[in-house]
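Written out below as structure tokens is the structure these notes cover.
The values are calculated or read from the model by the stated rules, or taken from the named source; none is laboratory data. Please read all numbers here as calculations on a predicted model, not as lab measurements. Heads up, the Cβs are rebuilt from the backbone with ideal geometry, glycines too, and the neighbour counts pull from every protein chain shown. Please note that ligands, DNA and RNA were not included when accessible areas were found on the heavy atoms of the full protein model with its side chains. Shrake-Rupley method; radii C 1.70, N 1.55, O 1.52, S 1.80 Å.
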Amino acid sequence: MKLVFLGPPGAGKGTLAVRAVEALKVPHISTGNIFREAIAARIPLGKRIAALIGSGGLVDDEATITLVRERLAKSDTAAGYILDGFPRTIPQADALEKFSTLDKVVNFDIPDATVLERLTGRRVCRNCGFNWHATFNPPSKAGVCDKCGGEVFIREDDKPEAILKRLDVYRIQTAPLIGYYRAKGILIDIDARPSVEEIFAEFKKAVGK
Ligand code: AMP
């Protein structure tokens, strides 16, 4: 099954994707994770990408599309994939249509106030990537991941100015994709406010699993 997870930052796309890939046995392809790994690996373009991401802006369409096209050409996507964070613009969606055919697009529906609350409290393990929350789900020892002992940190783009910019970017550049995919008849709306368990149950029902 070829799926896209669409929704504002902080809607819980990545958290649900971790469960969904186990159920569907397809790879989780997160462009945000790929960019963060590229930055950590100190590739030549890493500095430019890091500055863009840190400010809350988007990486340019051309570079992002090339990266996803190459990733989807790998054999592990034969049975499908979950694309998390791509497409984020109409040109990216148009390009994707030329090299793959989606089954469904899952739209994570969530109010701005909830997104703000989640993102300002989000803390991420640098080692295993687990998402903690300063108020709702803090690690038992501040700054240390309970799962793997890794360092728990605040993403540069989870700082207040960057959060507001990312929400603006989402509204202007990404939210139009909701109408784009609804018009194609492949959009599924999911209420992203309840617990991960409830969202996962709703997701499985919606994709027939
Ligand atoms: P995420 O982890 O999905 O929130 O992505 C983190 C950041 O990576 C975003 O704020 C963008 O700067 C960049 N990014 C991720 N996916 C894309 C995309 N499809 N197009 C452009 N930039 C992206």
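Some observations on this one:
- Region 53-209 - convex hull of alpha carbons, volume per residue in Å³: 142
- Gain upon complete extension [Thr66, Lys25; 0.36 nm per residue less C-alpha separation]: 12.3 nm
- Pairs from the table (Lys2/Lys159; Lys2/Lys98; Lys25/Lys205; Lys47/Lys141; Lys104/Lys165) lying more than 21 angstrom apart at Cα are Lys2/Lys159; Lys47/Lys141; Lys104/Lys165.
- Per residue, the accessible area of the chain comes to 52 Å² when a 1.4 Å probe rolls over the protein heavy atoms.
- The stretch between Thr101 and Arg42 holds 17.9 nm of extra length on full extension. This uses 0.36 nm per residue minus the Cα-Cα distance.
- The apolar share of the surface of region 31-98, taken as the fraction of accessible area on carbon and sulfur atoms (1.4 Å probe, ligands and nucleic acids excluded), comes to 58 percent.
- Each label was represented as a point 7 Å from its Cα along the Cα-to-Cβ direction; for Met1 and Ile154 these points are 3.7 nm apart.
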